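Beneath this line is the structure, given in structure tokens, with notes to follow.
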Amino acid sequence: WKPLYSAISEEKVKSDSADDNIIAAFEETSVRGILGEPIPYADLTVGVSKETFPGENRVSLTPDSVALLTKAGLSVVVETGAGEKASFPDATYVAAGAIVLPR
């Protein structure tokens with residue numbers, strides 16, 4: 001076996017199974033010890049900004065992705081016009097549950 005060093009706890013984990021090593025390195029107790037309590041989705045907001053690079057037509061989230069995030073309980077704020085070049089008007093983001101605001 002090869003020892004696995006956890007990026008989270010920096011503790012040496014030994015096992016014959018690589019899967020066991022990975023699981024042990026990222027156990028919930030190790031993460032909580034460093035990061036604290038998890039933040040509820042209702043307290044999180046995802047922001048989608050409009051691309052400013054010339055010729056860039058992509059957007060970071062589609063309206064379908066926004067719908068999945070809002071269904072999970074997250075808030076989503078989209079900059080006005082963020083999806084226009086990707087053929088997603090602001091109204092589709094609003095229909096998916098996002099808040100559309102100017103910069």
### Task
Confirm whether G81 is among the small types (G, A, S), outside any helix (DSSP H, G or I) and in contact with a helix residue (DSSP H, G or I) (Cβ under 8 Å, 6 or more places away or on another chain).
yes
G55 vs (1) under 21 Å from D43 (Cβ atoms); (2) assigned to a loop (DSSP other than H, G, I, E, B); (3) free of Cβ contacts under 8 Å to residues at least 24 places away in the same chain: all pass except (1)
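FYI, it's all coordinate maths here, none of it is from the lab. Note that the structure is a prediction, hence the values are computed from the model and not measured. Here the Cβ is made from the backbone with ideal geometry for all residues, glycine too, and neighbour counts use every protein chain on show.
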